[in-house]
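Student: Here's a structure for you.
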Amino acid sequence: MSLDPDDPTSFRAHAHAALDVMLDGIEQATAGPVWRPMPDRVRASFDAPLPLAGRPFDEVVADYAACVAPFTLGNRHPRFFGWVHGGGTAVGALAEMLAAGLDANLGGRDHAPVEIERQVVRWMRALFRFPDEASGIVVTGTSMANFMALLVAKTKHLGNGTRRVGIGQARLVGYTSAAAHNCVERAFELSGLGSNALRRIPTDAAHRLDRAALELAIANDREAGLTPFILIGTAGTVDVGAIDELDALADVAAREGLWFHVDGAFGALSVLSPEIAPRVRGIERADSIAFDFHKWMQVPYDAAFLLVRDGDAHRAAFASEAQYLTRATRGLAAGAPWFTDFGPELSRGFRALKVWFTIATFGIERLGEVVAETCRLATLLADRVRQEPSLELLCEPQLNIVCFRHREADSAELVIALQESGLVAPSSTRLGGAPAIRAAIVNHRTTQRDVDALVDAVLALAKP
Ligand SMILES: *Cc1c(COP(=O)(O)O)cnc(C)c1O
């Protein structure tokens, strides 16, 4: 009853053709519209009955090529500026394919794939200048990494017993900026602390957490008998790319005895570029850092990382024992600690391979150049916006995000029209209560011509 191909030779030919479909898509990422609406016929094709009998593999590949591949979000395209999305690479895609071929389970045990993830951990430790005792784990996204960091901080604060008895009467509170990503709030919800336990501190004129307001909130909470335990800074806010004063926040956390976590979804990887790295100074003092490989490092979705200074505290939050998971010193069940000891999952895919391939193939210097170039393009875009009388720059770019508005047209409507045009794809946000056009420059394929095309398209579509 094997599911392996009946005819390996013809399967191999179809497999190579499937690979060509993938590589064609990546090679042609620059051509065609950024996004195109999916025809009803295509959408309806996904509502097929459950197949009892299968079809030939090459037919399924043909369906994929016709109905799936052309109708993606467009984040591989250099004129995609929406949200914060990486552009992916052929190298990362091939690594993902190779990983699937191994069918490796990274929960633990003794095999080379686990050593690859450990290599990624050591590289991330070096990149952020964390000590040898620091631990790390590849996860799905920064939302997950933030959530796990919160659990580690909570367990560290309340002691290991909290894993059995819950939070009991503890009245823990945490702090982050009003501009923090909403997954921080969701982490509080999911952890059982409740989002009321998260204080969203107002921001200053540069969209950074206001330190005076933070210290006041901590003092008020202590006065009211609550227990402050975590401070979450942001390196690169999702709206405008603002960077909290991480060094100063580390001081506050040290003085107040708080766990200092940094949500650096994209901004943390400023450290890749010697030119941009000084902007996130202080990040190396964090107790934990969450960031995405699938944004600024261009690793295909999904891949992110949680780095924890105190590896023992990290493990204490998740490690547990079970008869069928007994560790050995020899044989397949050796190699403790296992990655399952550092997160909630047991079975885990080989996400680390595409990270390892990306870093090994391009090197840190080249990846850092992508970071620096996208920041340079953001500066050029801001300059161009300033020169156009009908446009207003809403915030000086601190990293790679530019927010502006059209003085006459409705910017939110304009963004939808731009997306539907297929020419460019920014997203929208609200700044100071008014709709804004938001351009995040993340993609390694984006050039100055693409940035100019964005402004040209805004001006053209805003004409009545
Ligand atoms: C994108 C982002 C997140 C969420 O990361 P995911 O990988 O989408 O889970 C969190 N914080 C910030 C600042 C982000 O930009």
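Student: Hey, any hits in segment 248-265 for a residue that's of a type in the set (D, E) and either under 20 Å from the mean Cα position of the chain (by Cα) or within 20 Å of C395 (Cα to Cα) (or both)?
Tutor: yes
Student: With V370, V385 as the choices, which residue is surrounded by 21 or more Cβ atoms within 10 Å (Cβ to Cβ), within 19 Å of the chain's Cα centre (by Cα) and farther than 28 Å from W259 by Cα?
Tutor: Numbers: V385 fails: within 19 Å of the chain's Cα centre (by Cα).
Going through V370, V385 in turn, just one is surrounded by 21 or more Cβ atoms within 10 Å (Cβ to Cβ), within 19 Å of the chain's Cα centre (by Cα) and farther than 28 Å from W259 by Cα: V370.
Student: Quick one: is N160 within 16 Å of the ligand (Cβ to nearest atom), closer than 20 Å to D312 by Cα and either within 25 Å of the chain's Cα centre (by Cα) or assigned to a loop (DSSP other than H, G, I, E, B) (or both)?
Tutor: In short, no.
Student: Would you be able to say whether some residue in segment 307-321 is within 26 Å of H181 (Cβ to Cβ), within 16 Å of the ligand (Cβ to nearest atom) and within 22 Å of the chain's Cα centre (by Cα)?
Tutor: yes
Student: Going by what's in this entry, would I283 be described as surrounded by 24 or more Cβ atoms within 10 Å (Cβ to Cβ), modelled with pLDDT of 95 or more, within 20 Å of R376 (Cβ to Cβ) and more than 10 Å from the ligand (Cβ to nearest atom)?
Tutor: When the stated conditions are applied, I283 does not pass them.
Student: Condition check: free of Cβ contacts under 8 Å to residues at least 12 places away in the same chain, of a type in the set (A, V, I, L, M, F, W, C) and not in a strand (DSSP E or B). Does A328 satisfy that?
Tutor: It is true that A328 is free of Cβ contacts under 8 Å to residues at least 12 places away in the same chain, of a type in the set (A, V, I, L, M, F, W, C) and not in a strand (DSSP E or B).
Student: For A453, are the conditions met, namely being in contact with a Lys or Arg (Cβ under 9 Å, 6 or more places away or on another chain), among the small types (G, A, S) and either buried (at least 20 other Cβ atoms within 10 Å of the Cβ) or outside any helix (DSSP H, G or I) (or both)?
Tutor: no
Let's see how each residue does on (1) under 26 Å from D302 (Cα atoms); (2) not in a helix (DSSP H, G or I):
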position	(1), (2)
A334	no, yes
P344	yes, yes
F350	yes, yes
V355	yes, no
A378	yes, no
L418	no, no
S428	yes, yes
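Student: A follow-up question, please. Select, from F305, F318, the only residue that is buried (at least 24 other Cβ atoms within 10 Å of the Cβ) and either touching a residue at least 60 places away in the same chain (Cβ under 8 Å) or more than 23 Å from W356 (Cβ to Cβ) (or both).
Tutor: F305
Student: Sticking with this one: In segment 403-421, is there at least one residue being surrounded by 15 or more Cβ atoms within 10 Å (Cβ to Cβ), in contact (Cβ under 8 Å) with a residue 60 or more places away in the chain and closer than 23 Å to A304 by Cβ?
Tutor: Scanning segment 403-421 turns up no residue that is surrounded by 15 or more Cβ atoms within 10 Å (Cβ to Cβ), in contact (Cβ under 8 Å) with a residue 60 or more places away in the chain and closer than 23 Å to A304 by Cβ.
Student: Looking at V173, is it among the β-branched types (V, I, T) and surrounded by 15 or more Cβ atoms within 10 Å (Cβ to Cβ)?
Tutor: Yes, satisfied.
Student: Please verify whether segment 183-190 includes one or more residues that are of a type in the set (D, E) and in contact with a Pro (Cβ under 6 Å, 6 or more places away or on another chain). Quick ask: steps written out before the conclusion?
Tutor: Step one: filter segment 183-190 for residues of a type in the set (D, E), giving 185, 189.
Of the ones still in play, those that are also in contact with a Pro (Cβ under 6 Å, 6 or more places away or on another chain) are none.
Checked against the condition, which is being of a type in the set (D, E) and in contact with a Pro (Cβ under 6 Å, 6 or more places away or on another chain), segment 183-190 yields no hits at all.
Student: Just one of (1) in a loop (DSSP other than H, G, I, E, B); (2) surrounded by fewer than 19 Cβ atoms within 10 Å (Cβ to Cβ) trips up A360, so point out which.
Tutor: The single condition A360 does not satisfy is (1).
Student: May I ask you to list the residues in segment 135-149 that are within 12 Å of the ligand (Cβ to nearest atom) and more than 7 Å from A303 (Cα to Cα)?
Tutor: Selection gives T142, S143, M144, A145, N146, F147, M148, A149.
Student: While we're looking at this one, here's another question. Could you name every one of the helices (runs of 4 or more DSSP H) located completely within segment 174-280 that has at least 3 residues being within 16 Å of the ligand (Cβ to nearest atom)?
Tutor: Values: elements: 182-191, 211-223, 246-256.
Here the list reads 182-191.
The values are calculated or read from the model by the stated rules, or taken from the named source; none is laboratory data. Keep in mind that this is a model prediction, so the values were computed, not measured. As a convention, Cβ positions derive from the backbone with ideal geometry for all residues, glycine included, and neighbour counts pool all protein chains shown.
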